[in-house]
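Below is one structure, written out as structure tokens; the observations come after it.
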Amino acid sequence: MVVIFMVEKEDLAIFGGKPVRGKDDPLPQVFPRIFPKKALDYVREVVESGLTSNIEERFKRAFAEACGVKNVVTVANCTAAVHAAIAALELGPRDEVVVSAISDYGSVAGVIAEGALPVFSDVDVRNGCVTAEEIEKVITPRTKAMVVVHWYGLMCDMDPIIDIARDRGITVIEDCCQNPLGEYKGRKAGTIGDMGCFSFDPEKHLSAGGGGAVITNSDEIAKKVDKFANLRGAEFIPHYGRKHTSFGLNYRWSTLNAALGLAKLEVLPEENRRRVELANMLNKRLEEIDGVIPIYIPDGCSHLYWLYALQLDISKFKVDIWQISDALNAELSGLSCSPAPYYLLPESVTYLSQRYPNIKYGAHMVPNAKTHIYRVIRWCWTHKYTKRDVEDIGKAVDKVLSYYHK
């Protein structure tokens, strides 16, 4: 480990010094999104067809082929995807669903909406992903499902998780919104458990301006997901019409979004490859800096870097993670990094304690997750970066950490 200790206060941009990258030369950002030329052709097709194009079906076939799965059910977003996946299991009020402690609210919203009890699993402190060991600690006889989140774009170590689930008859839902086409030992994200849920929101890898999907190899599950999310719980009776035989919602996807999604899917493998290549360059650069904790990637797990997570041993610095984050943003115009404690669900979903007064929800439930989330500065990673951009990010991190190092 090497740290340069020659940085003075006046050198830092936050104190008036010259930044590594100023406003006249900002880093590339996720937005504006870049779409291949085919996107215009596909959108034109939808418009000229008067919204009768079969482009959504073509997207589903293409996405199924890319993932290596039988069924794709498209929905409005990943929150809807997880909700529909939970609804397909027909859980009751006493049923429990294990959810990754670090995630977006969408990973738990469907569990709560369906009246099941969310139980949060702690994570591997080195990467923020759940593990079989931590999941097993919170499983009870009432556990019916688990929502396993591939956090930051990093695949969880799935084989041990699947072994636990199969032994106990627990359904596994993969939340893959941050790693479409990610791989685990040669298998695509979302195909290892019983269902995989995806986001096609504007900032995600597979950006379609909005949308999501549930993938599964089970025809029965696919039918139930579609009934809940697209048919509003209806069945069609000959010479009658629809009867709503169960509760459902309108979570349908837009045809125009499908046009953008199909175009983006065609370039996604190359964009994923580039994103990983660039992140690996920065990983190597940051390994040289004292106080940086490298992210742990288990054997066989891919990392597609939706977010880049800069993990710090805060005990080695004179200030907190928020001050370091502010200093980095001052050094790099366009970086837009920050800590994100709101991803710690047992702490941020405050109404759970009112809904379930016998359970004291909070960060104390998941000490590894708390440690991890409060030592990470993250920002959205993009395939638009160049080698120079990555080098400048490394310079800025080195500059700021050198000044604040004890």
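The values are calculated or read from the model by the stated rules, or taken from the named source; none is laboratory data. Keep in mind it's a predicted model, so treat the numbers as computed, not measured. Cβ atoms come from the backbone with ideal geometry, glycine included; neighbour counts cover every protein chain shown. Accessible surface areas use protein heavy atoms only, side chains included; no ligands, DNA or RNA. Shrake-Rupley method; radii C 1.70, N 1.55, O 1.52, S 1.80 Å.
General remarks:
- Two-site label geometry, Ser338 and Ile297: point separation in nm, points 7 Å out along Cα→Cβ: 2.8 nm
- Cα-Cα separations in the stretch 197-274 greater than 21 Å, expressed as whole percent: 42 percent
- From the C-alpha gyration tensor of the stretch 3-143, square roots of 5λ in Å: 39, 33, 13
- Set the Cα radius of gyration of the stretch 238-300 against 2.2 N^0.38 Å, with N its number of residues, and you get 2.15.
- The chain - charge dipole about Cα centre, Lys and Arg +1 at Cβ, Asp and Glu -1, debye rounded to 20: 640 debye
- Asp326 versus Arg274: modelled label distance in nm, points set 7 Å from Cα along the beta carbon direction: 3.5 nm
- Theoretical gain in end-to-end length, Lys406 to Thr386 [0.36 nm per residue, Cα-Cα removed]: 4.0 nm
- Rounded accessible area per residue of the stretch 56-183, 1.4 Å, Å²: 31 Å²
- Under 13 Å, Cβ to Cβ, from Val390 - net charge with Lys/Arg +1 and Asp/Glu -1: +4
- Binned Cα-Cα distances of the chain, short to long, each 10 Å bin given as a whole percent: 5, 22, 29, 24, 14, 5, 1, 0, 0
- Relative to the current alpha-carbon distance between Arg94 and Asp24, full extension at 0.36 nm per residue lengthens the span by 19.5 nm.
- Helices that extend 27 Å or more along their long axis by alpha-carbon positions and average at least -1.0 on the Kyte-Doolittle scale are, among the DSSP H runs of the chain, 255-286.
- Extent along the principal axes, Cα only, for the stretch 235-346: 74, 36, 34 Å, with the longest axis given first.
- Restricting the calculation to Cα atoms, the stretch 291-398 shows an Rg/Rh of 1.04 when the hydrodynamic-style radius is the Kirkwood one.
- Taken over the alpha carbons of the stretch 109-177 as equal point scatterers, the Debye sum produces base-10 log I(q)/I(0) values at 0.13, 0.16, 0.21, 0.27 Å⁻¹ of -0.34, -0.52, -0.91, -1.41.
- Förster-model FRET efficiency, 22 Å R0, Tyr105 and Thr140, C-beta, rounded to 0.05: 0.40
- Ranked by the mean number of other Cβ atoms within 10 Å per residue, highest first, peptides 55-63, 314-322 order as 55-63, 314-322.
- Along each principal axis, Cα extent of the stretch 62-209, largest first, Å: 39, 30, 27
- Positive-end ranking of Leu265, Ile393, Asn329 along the dipole of the stretch 250-406, with charges on Cβ about the Cα centre, is headed by Leu265.
- Per-peptide packing, taken as the mean over residues of other Cβ atoms within 10 Å, places 132-141, 262-271, 23-32, 225-234 in the sequence 225-234, 262-271, 132-141, 23-32 from highest down.
- Each other residue within a Cβ distance under 11 Å of Thr131 adds +1 if Lys or Arg and -1 if Asp or Glu, for a net charge of -4.
- Each peptide in 281-292, 239-250 gets a packing score, the mean of other Cβ atoms within 10 Å over its residues, and the list from highest to lowest is 281-292, 239-250.
- Apportionment of accessible area to carbon and sulfur, the stretch 335-396, percent (1.4 Å): 52 percent
- Annotation for Ile14 and Asn250: the two label points, set 7 Å from Cα along the Cα-Cβ direction, are 4.8 nm apart.
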